[in-house]
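The block underneath contains the structure these notes are about, expressed in C-alpha cells.
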Amino acid sequence: MPGFTFGQVDQYMQDYLLQDTGIWLNNLDTTAFGALDTLEILADTSSAQTTTPFSPVDFGDKAARNHILSLPGSPTLHDTINYRSLPKDHLYVTESCWRRIQSETSKTDPQYVLPSKDELSRFITRYFGSFHRHQPFLHEPTWSASHSPVMLVLAVCANGALYSLERSTAFGLYKMAVQMTSLTDEGIHALQTMMLLTAFDAWSGTKEDLRTALQFHGRLAFAIRQEWALSEYGESADTTMWEAWLARESLKRVTFCIFTLMNLMTIAYDIPSPLLLEAQHGMPAHEKQWCARTEVDWAEAMRCAGNQTWPSAQVIVERLVDESLPVPSHIGMFGCHVLISFLLQKIILLRRSCPTQDVTYLENRRYFIRSLQRWQLMWESEPEASLSPDHPQSPILFNCTALLRVAYIRLASDYSSIRRSFAASCSEDKIASSITGIEAPIRGPDTTRAAIQACLALRVPTQLGFKMIARTSFWVWSVQHALSYFECALLLSKWLQANQQSSDLSDEERRIKQMLEQTIGPSSESSQAEESSTHLDVLVLKRWAELFKTENTTVWQIMPKMARTLEIYADKLSKTPTD
C-alpha cells in the first residue's frame with residue numbers, strides 16, 4: 001500500500017472485519033480481483049434511534065455502503081467521547097501515594113526495589129491506554145492509585161509495564177502483587193487484582209505461569225459467587241445514586257471480564273471455565289453511562305436512556321434466535337462482547353456434550369448459527385462499529401470479530417486436542433505432529449461458512465502488510481486476535497487439504513479458493529517462483545506464522561510458540577508427497 005497514511009490505514013482495515021458471507025461470495029463474480037478493497041455489502045439505511053433495550057433494528061431496507069463498519073446514521077466522531085483528550089492527572093502517583101506503596105511492599109519483601117513514582121505513573125497510563133481498552137472493569141474517571149489498595153495498584157502497574165515491553169520490571173511488580181493477594185479473596189478489589197494477575201500469567205507460554213493462573217481460576221470463581229451473595233447492590237438495591245450504581249456496575253463488569261478471560265483460556269488451553277453467567281448478573285450498562293465523568297454527566301446519560309431493565313445474557317440470546325422478534329439494539333460495545341463470549345462458551349460445551357452427527361448436535365448447531373447471524377446484525381447496529389479498530393472506543397467491537405470467527409470454526413471443526421497440547425507445554429514439534437493427525441473438516445455449508453470467516457480474517461493483515469501489523473498494531477490488540485488467527489490458520493489449511501484434489505468443488509468453495517490465491521500472493525521473504533511451487537495450504541500457514549513474529553514487541557509469549565508450531569507444521573506439509 002504505497003503512499004498510505006496511518007489514517008487511511010485505519011479506514012482501510014474497516015472493510016474486512018465482518019462482511020455478510022453470502023453477499024461477499026456473490027460479489028466475487030462482479031468484482032475485479034485487483035480491487036478487493038472496494039467490495040461492498042448490503043446494510044441498514046435506517047437511522048432510527050430509540051431508547052428501549054430491545055428496540056428493533058430494521059434490516060429490511062438495504063442499500064450498498066462503502067465500508068463494512070460504516071452505518072448511515074452513526075454519530076460523527078465529535079459526538080463521541082474522545083478518550084485521548086481526557087485529563088490524566090488523576091492517574092499520576094503522588095509522592096505520598098508512592099511512600100504508602102513502598103511501605104507496604106517493604107513489609108512483604110524488604111529487598112524489593114519499587115520503581116519510581118514517575119515510572120509507576122507511566123505504567124498506569126499505559127495500562128488504561130492498552131489493557132483497559134479491552135477489559136474495562138475499572139472506572140477510569142474516578143479511579144486513582146491514592147485511593148486503591150496497594151495490591152491492585154501493583155497489578156495495574158504490572159500489566160502496564162508488560163504493555164510497555166518492560167518485562168523484568170513487570171514481573172517484579174507482578175510477584176509482589178501475588179504475595180499481597182494471598183492474604184485475602186474478599187471484596188471487589190481482590191476480584192479486580194486477581195483478574196489482572198490471571199491475565200498476566202495466562203499468556204506467558206510457560207507451564208509454571210499457567211499453573212499460577214489456574215490457581216487464581218478456582219479462587220476467582222468462588223470469590224465471585226461469594227461477592228454476589230454478600231453484595232448490597234443486587235437487582236433490588238436502590239441504585240438511583242451514582243455511588244451505589246458505580247459499586248454495582250463495577251461488580252458486574254469485573255464478573256463479565258473474568259468470565260470472558262476464562263473463556264479465552266478455554267479456547268487457548270481447552271481448560272473448562274468454572275464460571276457461568278447467572279440471571280442475577282444482568283448485563284453491563286451502556287458505555288454512555290459507564291464512561292460518565294461526573295454524577296451530573298451520569299444522571300444525564302441515565303435520563304436519556306430512559307427506564308431500562310437490562311435482562312440476562314440468556315434472555316438476549318433467546319431473542320436473537322427467535323427470528324419473529326426484533327434484533328436487540330443499544331446493548332453497548334461491552335455488552336456485545338459479553339454476548340459473543342457467552343455464545344462461544346455454549347458452542348464449546350455443545351461440542352463436548354454430544355457427537356457431531358447426533359440429532360441433538362445438529363439441531364443445536366442450527367440454533368447457534370441463527371444466533372450468530374443475528375448477533376452480527378446487533379453488532380453492526382452499534383454506532384461505534386463505524387470506527388477504526390485502533391480508535392480508543394472500538395477495540396472491544398473489533399475483538400468481537402475474533403470471537404465470532406472462532407465460534408464459526410468451532411461449529412465446523414474441533415481443535416481442542418491441539419489446545420490441550422499447549423496447556424501441557426508440549427514442544428512445538430510435538431504439537432505440529434498432532435495437527436498433522438487431525439482429520440480435515442467435513443465439506444458442507446458450515447465448513448464453507450467457517451472458511452469464509454477465516455479468509456476474511458486473513459485479508460486484514462494481508463492488505464496492511466504482515467510485518468507492519470506484527471511490529472506496530474498487533475502487540476496492542478487483544479490476545480484473542482492471536483488465538484483466533486491460530487484457529488483460522490488451522491481451519492484454512494485443513495480445508496484446503498480436503499479440497500486440493502477435488503474436482504467437484506461448489507461455486508462457493510471455488511470462489512473462496514480463488515480469493516485465497518489472490519489474497520496470499522508472494523511474501524517479501526519469498527520469491528514468486530518459490531511460492532508458485534508451494535501448495536496454498538502451506539502458504540496460508542506461513543503467512544499466519546509471519547504475523548505472530550512480533551519479535552521485540554511481543555507482549556504475550558504464547559505467540560512465538562504458535563508461530564513456530566505453524567512453521568513446523570508447514571514444513572511437514574511441504575515435505576509430504578502428494579498424489
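With each pseudo-label sitting 7 Å past Cα toward Cβ, what's the ARG471-THR184 distance in nm, one decimal?
In this crude label model, ARG471 to THR184 measures out at 4.7 nm.
In debye to the nearest 20, how big a dipole does the range 388-579 give about its Cα centre with +1 on each Lys and Arg Cβ and -1 on each Asp and Glu Cβ?
The dipole of the range 388-579 has a size of about 420 debye.
THR519: net charge of surrounding residues, Cβ under 11 Å, Lys/Arg +1, Asp/Glu -1, itself excluded? Kindly include the intermediate steps, with their values, before the conclusion.
Values: positive: ARG459, LYS513, ARG543; negative: GLU517.
Around THR519, the charge tally is +2.
Let me check I've understood the local charge: for SER425, count other residues with C-beta under 14 angstrom from its C-beta, Lys and Arg +1, Asp and Glu -1. What total comes out?
+1
Identify all lysines with a Cα-Cα distance to LYS346 below 22 Å; exclude those on the same chain that are fewer than 8 residues away in sequence.
Within the straight-line limit of under 22 Å, LYS346 reaches these lysines: LYS252.
Once you put a point 7 Å from the Cα of LYS575 and another 7 Å from the Cα of LEU505, both along the Cβ direction, what distance in nm separates them?
2.9
Can you sort LYS430, LYS542 from fewest to most other Cβ atoms within 10 Å of each residue's own Cβ?
LYS430, LYS542
So, by mean Cβ neighbours within 10 angstrom, what's the order for 555-566, 110-121, 414-425 with the highest one leading?
Working: 555-566: 21.7, 110-121: 15.2, 414-425: 17.4.
Put in order of decreasing packing, that is 555-566, 414-425, 110-121.
Taking the Cα centre of the range 220-357 as origin and charging only Cβ (+1 Lys, Arg; -1 Asp, Glu), how large is the dipole, in debye to the nearest 20?
440
Under a crude label model (7 Å from the Cα following the beta-carbon direction), how far is SER433 from LEU325 in nanometres?
Reported label-point gap for SER433 and LEU325 is 5.1 nm.
Taking θ as phi - 60°, what are the ³J(HN,Hα) couplings along the range 241-248 by the Karplus curve (6.51, -1.76, 1.60), each to the nearest whole Hz, with x for Gly and Pro?
9, 4, 4, 5, 5, 4, 4, 5
Taking the inverse of the average 1/r across all pairs of different Cα atoms in the range 83-183, what Kirkwood radius in Å do you get?
13.5
If I take R0 = 56 Å and measure r between the Cβ atoms of VAL315 and ALA424 in this structure, what FRET efficiency does the formula 1/(1 + (r/R0)^6) give, to the nearest 0.05?
E between VAL315 and ALA424, to the nearest 0.05, is 0.90.
Which Cα, out of GLY160, SER121, THR94, lies furthest along the positive dipole direction of the range 83-183 (beta carbon charges, K/R +1, D/E -1)?
GLY160
Cα-Cα pairs above 20 Å in the range 253-331: how many percent?
When all Cα pairs of the range 253-331 are counted, 50 percent exceed 20 Å.
Would you order LEU277, LEU154, LEU339 from fewest to most other beta-carbon atoms within 10 Å of each residue's own beta-carbon?
By the 10 Å Cβ count, ascending: LEU277, LEU339, LEU154.
Return the FRET efficiency for the residue pair THR206, SER416: r is the Cβ-Cβ distance, R0 is 22 Å, and the value is rounded to the nearest 0.05.
According to the calculation, E is roughly 0.60.
Quick one: GLU104, GLU546, GLU382, fewest Cβ neighbours within 10 Å first, how do they rank? Could you put the intermediate results ahead of the total?
Working: GLU104 17, GLU546 20, GLU382 25.
Taking fewest neighbouring Cβ atoms as first place, the list is GLU104, GLU546, GLU382.
With N residues in the range 388-579, what two-decimal value do you get for its Cα radius of gyration over 2.2 N^0.38 Å?
Values: Rg = 15.9 Å, N = 192, 2.2 N^0.38 = 16.2 Å.
Rounded to two decimals, the normalised Rg is 0.98.
Computed FRET efficiency, Cβ-Cβ of PHE222 and ASP89, R0 41 Å: what is it to the nearest 0.05?
0.65
Every number here is computed from the coordinates shown, using simple stated rules; none is lab data. Not measured: the values here are computed from a predicted model. Cβ sites come from the backbone with ideal geometry, for glycine too, and all protein chains shown count toward neighbours.
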